[in-house]
Amino acid sequence: MQEMVPKRVIQASRRRFHQFLENDASGGILLIVCTIIALLWANSAFHYTYEHLWHTEIALKVGSFEVGMHLLHWVNDGLMAIFFFVVGLEIKREVIAGELSSMRKAALPALGALGGMILPALLFSALTLGKDGAQGWGIPMATDIAFSLGILSLLGKRVPLSLKIFLVALAIVDDLGAIMVIAIFYSSNLQLEYLMQALALISLLLILNWMRVRKPWVYVVIGTVVWYFFLKSGIHATIAGVLVAFTVPVRRNLMTNEFNDHVDKFNMCDDCATSYTLPDQEIHKLDNLKRQIKMVQSPAQRIEHMMHKMVNYFIMPVFALGNAGVVLDGSNMGPYGYLSLSVALALFVGKALGITLLSWGGVKIGLAELPQNIKWSHMFGVAILGGLGFTMSLFISNLAYFDLSMLNAAKLGVLGGSLVAGVVGYLLLSRILPRPKNEEFSYPVEP
């Protein structure tokens, strides 16, 4: 009896852990936890250990080949390239078969994203006109999909599916815009030799796609070399992740009707029911079924599914842990406190107004249409959540500023603006979204 209790406890803990991983809000919760840890650590008596850890030199050496960077650079240039790779896969999927696959579907989120990029950039530029740090105009342009969707999911079934779809599509278009901004405006010291080598390998990947090479490891291995060439080229290495993602095949080798035929014909031997081991022919049947399962999924979707949790529960939390550690006493910002206010206002005010106004304008002139059962008050609440810049905004801050005081001021603005946008957006939506009649309390659920 005593032995049964721990087993039940372990099983219950496993169930809760799996439920946590499958919940939309979990990625955002983990980001918040890592952000708080980073802030507490950087402002504690042990702040020197935080700085020492992220400035530890780590080198990868094979023969005469060597790549050496600080740990924080490995996170921002290496792990974030994987993040951008998954973002690229999401963008490609949505463009080919998702919410961006037609003008009718894409119009509203595309217009919202465009307004949510232009107005924050203009507002930041106006607030910093003639001052140091004006080059950070790209910081408030981005929306953090994990945070924003996580907060929206806290409202449970009260959130219409069309509203969630709008936010996801908007954030994806937003990410594409931020990627273009990084590639064009935040890359420097271009080395053409490395860039040409990288582009040659990307061309090779496109040829392999055309030749129907479906092995994911081929694209991952060659993509890693592309990343190295981009790292040396002067164009930010994370752009390699997006470009490689665009080369990964999205076509399936096996259609679902053919797969269903294979499944219908699949059966195990009757004598296997009581046997501890399987005969060789049954193992071959299972191997064949595994191949069919792989073939019915496109390589792009299979990779995206495999890497989704790694991005949400490892890469983004580690990024937050390394980049959110801002000292809050103001001594390390020097005379650049205005940057914090400019970033925060551009995220909170610029995003909310930009997304809402351009979406409203598009609907008024007939370029887009408002989803059924969605009101403009709902759209405004989601637009406020669009001000959660966090991951991408912190990332662009690192590219925009080399001066530590400016960087810390910008990061503080990102944290402050994102916090206000998250709290206000949640409170507004919780007030205006109708509560289901048969539901006293609303818990986070999957869309």
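The values are calculated or read from the model by the stated rules, or taken from the named source; none is laboratory data. Only a predicted model underlies this, so the values are computations on that prediction, with no experimental measurement involved. Virtual Cβ from ideal backbone geometry, glycine too; neighbours counted across all protein chains shown. To get the accessible areas, we keep the full protein, side chains included, count just its heavy atoms, and leave off ligands, DNA and RNA. Shrake-Rupley method; radii C 1.70, N 1.55, O 1.52, S 1.80 Å.
Just a few scattered comments:
- Criterion violated by Gly381 - all others in (1) part of a helix (DSSP H, G or I); (2) farther than 18 Å from Val75 by Cβ; (3) open to solvent by 10 Å² or more (accessible area, probe 1.4 Å) satisfied: (3)
- Verdict on Ile182 being in contact (Cβ under 8 Å) with a residue 24 or more places away in the chain, under 23 Å from Val349 (Cα atoms), open to solvent by less than 10 Å² (accessible area, probe 1.4 Å) and of a type outside the set (S, T, N, Q): yes
- Of the residues contained in the range 282-289, one or more are found to be closer than 30 Å to Asn257 by Cβ and open to solvent by less than 20 Å² (accessible area, probe 1.4 Å).
- Pairs linking a residue in the range 96-121 that is closer than 15 Å to Gly362 by Cα to a residue that is basic (Lys, Arg), with Cβ atoms under 7 Å and 6 or more positions apart or on different chains, are Gly116/Lys351.
- Any chance Ser359 is touching a helix residue (DSSP H, G or I) at 6+ places or on another chain (Cβ under 7 Å), closer than 14 Å to Met141 by Cβ, among the hydroxyl-bearing types (Ser, Thr, Tyr) and buried (at least 24 other Cβ atoms within 10 Å of the Cβ): no
- Condition check for Gly136: assigned to a helix (DSSP H, G or I), crowded, with 24+ Cβ neighbours inside 10 Å and in contact with an Asp or Glu (Cβ under 9 Å, 6 or more places away or on another chain): no
- In the range 83-100, residue nearest to the chain's Cα centre (by Cα) [restricted to those that are open to solvent by 50 Å² or more (accessible area, probe 1.4 Å) and of a type outside the set (Asp, Glu)]: Arg93
- Test set (1) open to solvent by less than 40 Å² (accessible area, probe 1.4 Å); (2) within 24 Å of Val250 (Cα to Cα); (3) of a type outside the set (Gly, Ala, Ser) - Val220 fails condition number: (1)
- Filtered residues of the range 73-82 (kept if aliphatic (A, V, I, L, M) and open to solvent by less than 30 Å² (accessible area, probe 1.4 Å)): Val75, Met80, Ala81
- Residue check for Leu122: assigned to a helix (DSSP H, G or I), farther than 28 Å from Ser340 by Cβ and modelled with pLDDT of 85 or more: no
- For the range 280-334, the set of residues classified as within 29 Å of the chain's Cα centre (by Cα), assigned to a loop (DSSP other than H, G, I, E, B) and touching a residue at least 60 places away in the same chain (Cβ under 8 Å) consists of Ala324, Gly325, Val326, Val327, Leu328, Met333, listed by residue number.
- Condition check for Tyr194: surrounded by fewer than 23 Cβ atoms within 10 Å (Cβ to Cβ), in contact (Cβ under 8 Å) with a residue 24 or more places away in the chain and in contact with a His (Cβ under 7 Å, 6 or more places away or on another chain): no
- Test: Gly350 is surrounded by fewer than 23 Cβ atoms within 10 Å (Cβ to Cβ), under 17 Å from Leu170 (Cβ atoms) and of a type outside the set (A, V, I, L, M, F, W, C): no
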